[in-house]
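Q: I have a structure I would like to understand better, so I am pasting it below and will then ask my questions one at a time.
The values are calculated or read from the model by the stated rules, or taken from the named source; none is laboratory data. None of the values given here were measured: they were computed from a predicted structure. Reconstructed Cβ throughout: ideal geometry from the backbone, glycine too, with neighbour counts over all protein chains shown.
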């Protein structure tokens with residue numbers, strides 16, 4: 001199979017307004033479009049990440065819980081490339097986001113760390 005790249009990543013949040021605040025106001029992802037789908041009683045928020053990557057943030061009434069720890073089977077985490085990891089860590093902490101200690105990738109030598117979104121989805125920042 002040949003692909004042209006990653007099209008989008010989809011995330012379902014329990015509390016749409018809380019998730020929207022986190023991804024738009026704290027992580028500063030820009031809104032492409034916001035759609036309310038009345039037949040599903042749900043929102044779909046398309047967010048621009050970086051130079052063109054897209055996250056689709058969904059809300060659904062009563063979504064089932066999902067294991068989301070980084071070591072659980074399934075999608076492990078989302079990782080965002082950053083230039084100055086210490087600046088981003090300080091920024092996240094200033095917004096009240098708990099951030100793990102910095103680690104170093106034993107293969108690449110790059111630093112990285114994890115934090116969580118409002119639904120405990122593990123997110124990673126990885127220095128470019």
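Q: When you go through (1) within 22 Å of residue 128 (Cα to Cα); (2) modelled with pLDDT of 95 or more; (3) surrounded by 13 or more Cβ atoms within 10 Å (Cβ to Cβ); (4) outside the structural domain of residue 128 (by TED's automatic domain parsing) one by one for residue 46, which number turns out not to apply?
A: Among (1) within 22 Å of residue 128 (Cα to Cα); (2) modelled with pLDDT of 95 or more; (3) surrounded by 13 or more Cβ atoms within 10 Å (Cβ to Cβ); (4) outside the structural domain of residue 128 (by TED's automatic domain parsing), the lone unmet condition for residue 46 is (1).
Q: Then there is this: Please determine, by comparing only the residues of the range 100-119 that are in contact with a strand residue (DSSP E or B) (Cβ under 9 Å, 6 or more places away or on another chain) and more than 26 Å from residue 52 (Cβ to Cβ), which one is surrounded by the fewest Cβ atoms within 10 Å (Cβ to Cβ).
A: Result: 101.
Q: List the number of the failed condition for residue 58; all other conditions in (1) outside any strand (DSSP E or B); (2) at pLDDT below 95 hold.
A: Residue 58 satisfies every listed condition except (1).
Q: Can you tell me which residue in the range 8-43 is modelled with the highest pLDDT, limited to those that are assigned to a loop (DSSP other than H, G, I, E, B) and touching a strand residue (DSSP E or B) at 6+ places or on another chain (Cβ under 7 Å)? Walk me through it before giving the result.
A: First pass over the range 8-43, keeping only residues assigned to a loop (DSSP other than H, G, I, E, B): 8, 14-15, 27-29, 38-41.
From the residues that got through so far, the ones that are touching a strand residue (DSSP E or B) at 6+ places or on another chain (Cβ under 7 Å) too are 8, 29.
On the way: 8: 90, 29: 97.
Ranking the candidates gives 29 first.
Q: Any residue in the range 106-127 that is in contact (Cβ under 8 Å) with a residue 40 or more places away in the chain and assigned by TED's automatic domain parsing to the domain that holds residue 88 sitting within a Cβ distance under 8 Å of a residue that is assigned to a loop (DSSP other than H, G, I, E, B) and buried (at least 18 other Cβ atoms within 10 Å of the Cβ)? List the pairs, counting only those 6 or more apart or interchain.
A: 123/117
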